[in-house]
Amino acid sequence: MSELIGGTISHYRIVSRLGAGGMGVVYRARDERLGRDLALKILPAESMADETARARLLREARMASSLNHPHIAHIYEVGEDGGYLYIAMELVEGRPLSEAIPAGGLPPDTLVRQGIQIADALAYAHERGIMHRDLKTANVMITADGWVKVLDFGLAKRMQDDETVEAPRDLSLTASGMVVGTPNYLPPEVLLGGKADARGDVWALGVVLYEMAAGRLPFGGASLTELAGAIVSGAPTPLSGRVPVGVQAVIGRCLAKNAEERFRTGAEARAALDALSSGAAPPPASRRRVPRPVWIGAVTAAALAIAAALYLNRGAIGDRLAGRPPRPHIASLAVLPLANLSGDPEQEYFADGMTEELITSLAPIRTLTVISRTSVMRFKGSKEPLRDIARKLDVEGIVEGSVQRAGDRIRITAQLIEAGRDRHLWAQSYERDFKDVLALQSEVASDIARQIQMHVSPGPRGGGPRRPVNPAAFELYLRGRYEWAKMTPASMTAAVQHFEKALALDPGDARYSSGIADSYLAMVQVLETVPSREGMAKVKEYARRALAADENSAEAHASMGAALYFGDWDAAGAERELKRAIELNPGYSTARLVYSVLLTTQARVDEALEQDRLAMQSDPLSVFIHWNAVGTLLSARRFAEASALADRTFELDPTSPLSQSGLVRVREMRGDYPGALMYLKKYMPKEFGGAELVAKAEKAYAADGPTGYWKALLDHHSAHRVGPAASPTRLAMLAAGAGEKKRAIDYLEAAYAQHLSDVLFLRVEPCWDPLRTEPRFQALVARVEGRS
C-alpha cells in the first residue's frame with residue numbers, strides 16, 4: 001500500500017508509513033480540516049470483503065473510542081472512503097516499549113512508574129467492562145517524557161454479564177484456528193480453550209512487567225507447541241537478584257497459572273504497584289481476606305508490602321519514583337462535573353453533589369483560583385475538547401473524573417490535566433465508606449495540591465479532622481443542593497425540605513443549616529417568592545445555627561453577612577462576616593458578590609468592581625455574577641463599560657431573563673431608547689405585557705420622547721401589578737423617569753416600609769438622579785443609612 005503515501009483518504013493526507021500488523025497498516029497522516037497530525041489505520045482493500053476483518057476494525061474503533069483515559073490512545077473517527085476502511089487515532093510520538101527495554105531490563109523505579117500507568121489503563125477499561133486481549137510491549141508506546149500510552153484495542157471485547165467470554169478463535173485468518181492474540185502473552189486458560197476474563201489481561205501485564213524487569217520474555221519455545229507447553233506448565237526463568245523482591249512478588253502473582261490466584265482486575269494490580277511507589281504499610285492480617293466489591297482495589301499481601309517498604313527505604317526512593325519532570329505552574333483550576341458511573345440515572349444528583357463538594361474542598365488552596373460550580377456545570381456531559389473548555393473558563397488546569405457508588409461504598413477517580421498542552425499530570429482512584437466521604441474529598445484535594453506544587457491552606461473549611469457524615473443526612477443534603485442549583489420556585493421549596501430532613505438527622509453538621517440559609521436568601525433576593533422580612537429572618541436564624549456547628553464555614557459567614565445587610569441593614573457587621581468568609585475561602589464567589597453589593601451601596605465602587613472581577617474570575621460563566629457587575633458599572637456611571645459587559649453577559653446565555661434585562665437597562669440608562677425598545681420587543685415576557693406593552697411604549701416614545709416611554713411602562717405595571725416588574729422600587733424607577741417625582745418617592749416610602757433591600761441603593765443608583773434635590777428623598781436616604 002506504499003502507493004497511498006502522498007495521497008488522501010477522506011480529509012486525511014497520508015504522510016508516511018508507521019507499521020503494519022494483522023489488523024491493517026498504520027500511517028502517519030495530516031488532518032487537513034483540523035490541521036493536526038494523527039495515526040491512520042487502514043484495512044487493505046483486498047481484505048474489504050473479509051467481514052471478520054471489517055468487523056474487528058469497527059469493533060476496535062467502538063471499544064477504544066469509549067475509553068477516555070490518559071494512558072490509552074484516543075480514537076477520533078472511523079470511516080470508509082475510496083474502498084478503504086480506516087480509523088483515525090491519536091498519534092503517539094515516541095517508541096514502543098519493546099524497543100525501549102534494554103538488554104538487562106529497566107531500572108526498578110522506571111519499571112514501577114510505567115507499570116502503574118499500564119495497569120491504570122487496564123483498570124479503566126476493566127471498570128467499563130472491556131478487556132484488551134492483546135496487551136504486549138509492542139502495543140505500549142513510551143513518549144519522550146516517559147509517559148505511557150496503551151495502543152491497539154483491535155482485539156478488545158466487552159465482558160458479558162458473567163464477566164467472561166469464550167476464548168476467541170480466529171478461523172478466517174489462520175489455518176490452524178489458533179486463539180486470537182500474541183502467543184507469548186496468552187494465559188494458560190486461553191491456550192487450553194477455556195474462558196477469558198480480565199485476569200487474562202492481568203497475565204499479559206505480568207508478561208510485560210517481566211519483560212521490563214529482565215529484558216526478555218518469561219516463556220519461550222522452538223515452536224508454538226513448545227511455547228504453549230511452557231506457558232501452561234513451565235516456570236518462568238528466575239529474575240535477577242537486582243530486581244526488587246516487591247516487584248518480583250507482583251509479577252509472580254500476575255503470572256499465577258491458576259487464574260483464581262491472580263489479581264482479578266487491572267485495578268488490583270495497579271493497587272499493588274502503587275504500594276511499591278508509596279511505601280504503603282501492610283494491611284492488618286484480619287482484613288486481608290475480607291470480600292470486596294469487584295471494583296475496589298486489592299490490598300497488597302503482607303509479604304509484598306513489607307518487601308516493598310524495605311526496598312523503598314520507608315518512602316525515600318518512593319519519592320523519587322513518584323517524581324516527574326518539573327511541572328508548569330498552575331494558578332487556576334476547574335473541576336469538571338464528575339461522571340456518574342453508578343449505572344443509575346437517579347444517582348446524577350449524587351455525582352453533581354460530589355462535584356460541588358470537591359470544588360469546595362479545593363477552593364481554599366492559597367493563590368489558586370478554583371472555578372465555581374455554576375460555571376463548570378455547563379460542561380456536564382460535554383464532548384468539547386478539554387483545551388476549548390479551559391479556554392472558555394480561562395484556566396490552566398482541569399480536573400476530571402468519575403464517581404461510583406455501590407451501597408455504602410464510594411469511589412472517586414480523578415485526573416489532573418495541564419490544559420494548554422492537553423498533558424495528563426496525575427491520576428488516582430480513591431475508595432471509602434460513605435460515612436468517610438468528606439475525608440475522601442480532602443484527600444483528593446490534598447493530592448491535587450501537591451501535584452501543582454502548592455499547599456492546602458490551614459484547613460479547607462476550617463482545618464482539623466473532618467467529622468464523619470451521617471450517610472442518610474448527607475444524601476439528603478446532596479439532593480437538596482441538586483434542587484437548589486435549578487433556581488426555580490418549586491426546586492427551592494424541594495431543596496429546603498431536603499435540607500430540613502438532613503438537619504433533623506444530624507443537627508451538628510453546618511452544611512445543612514447553611515443550605516437552608518442559602519435557600520431563603522435565593523427566595524428573597526433572586527426569586528422574590530418570600531417577603532423580605534420573613535425570608536431574611538430565616539437566613540439569619542439558619543446562618544447562626546450553621547456557625548454554631550462550624551465557626552469556620554465560609555458559606556455560613558457569607559449567609560450571615562447577607563442576613564445582616566439585606567435583613568438588618570447592618571453594613572459594619574455584614575462587612576466583618578463577608579471578609580471572614582472570603583478569608584476562609586477566597587474562591588467563594590457568592591461571598592464576593594454580596595460584598596460587591598454592600599460596597600456599591602456605600603459608594604465604594606472601585607472596591608466593589610474589584611470584588612466583581614474576582615467573583616467573575618472564580619465563576620466566569622455565571623450570568624448572575626456578570627449581571628451584578630453590570631449594575632456596579634451603572635452605579636459608577638461607567639455606561640460604555642456597562643454596555644459592553646451586558647453584551648458579553650448576553651452571549652453567556654441569550655435565554656436568561658437576567659442577561660436580556662441587562663441589555664434593556666444599560667440602554668435606558670444611556671438614553672438609547674430605540675435600542676431599549678428593540679430588545680423589549682424581542683424579550684418582553686407576555687405575562688409582563690409582551691408585544692402589546694411594547695407597542696404602547698413605542699407609540700408613547702414617538703409622541704413624547706423618554707417621558708412617554710417611562711409613562712407607558714408605569715401606567716401598565718401600576719395597573720397590572722404583576723411580578724417583580726411591579727415592585728414598589730420598580731414602579732418608583734418608572735415614575736422617576738416619567739417625571740412624577742412625588743409618586744416616585746411615595747413608592748420608595750412603601751418599599752422602605754416593606755424593608756425591601758432595593759432601597760439600600762438610593763445613594764448610588766442612577767435612576768434616582770432626578771430625585772436627589774427633593775427634601776423627601778434626602779430624608780429617606782438619611783433614614784435608610786441610619787442618620788435620622
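The values are calculated or read from the model by the stated rules, or taken from the named source; none is laboratory data. Worth saying up front: this structure is predicted, and the values here are computed from it rather than measured. As a convention, Cβ positions derive from the backbone with ideal geometry for all residues, glycine included, and neighbour counts pool all protein chains shown. Heavy atoms of the whole protein, side chains included, go into the accessibility calculation; ligands, DNA and RNA do not. Shrake-Rupley method; radii C 1.70, N 1.55, O 1.52, S 1.80 Å.
Points to keep in mind about this one:
- Separation of the Asn68 and Leu224 label points, Cα + 7 Å toward Cβ, nm: 4.0 nm
- Sorting 773-786, 185-198, 692-705 by their mean Cβ neighbour count within 10 Å, with the most densely packed peptide first, gives 185-198, 692-705, 773-786.
- Within the accessible area of the stretch 731-788 (1.4 Å probe), percent carbon and sulfur: 55 percent
- Per residue accessible area of the stretch 556-604, 1.4 Å probe, in Å²: 28 Å²
- Each residue of the stretch 118-125 was assigned a 3J(HN,Hα) from its phi angle through the Karplus expression (A = 6.51, B = -1.76, C = 1.60, θ = phi - 60°), giving 5, 4, 5, 5, 5, 4, 4, 5 Hz with x at Gly and Pro.
- Distance between modelled label sites at Met377 and Arg544, nm, 7 Å Cα→Cβ extension: 3.0 nm
- Per-pair calculated FRET efficiency, R0 = 51 Å: Gln602 and Arg387 via Cβ, rounded to 0.05: 0.75
- Highest mean first, the peptides 706-713, 730-737, 547-554 sorted by other C-beta atoms within 10 Å per residue fall in the order 730-737, 706-713, 547-554.
- A simple rule links phi to the HN-Hα coupling: the Karplus curve 6.51 cos²θ - 1.76 cosθ + 1.60 with θ = phi - 60°, which for the stretch 576-584 gives 4, 5, 5, 5, 5, 4, 5, 4, 6 Hz, with x for Gly and Pro.
- Once the chain from Arg128 to Lys486 is taken as fully extended at 0.36 nm per residue, the excess over their C-alpha distance is 125.8 nm.
- With R₀ set to 41 Å, the beta-carbon distance separating Ala750 from Ala644 gives a calculated FRET efficiency near 0.70.
- Within-11-Å neighbourhood charge of Gly105 [Cβ basis; K, R +1; D, E -1]: +1
- Calculated FRET efficiency for the pair Ala103/Lys257, C-beta based, R₀ 22 Å, to 0.05: 0.20
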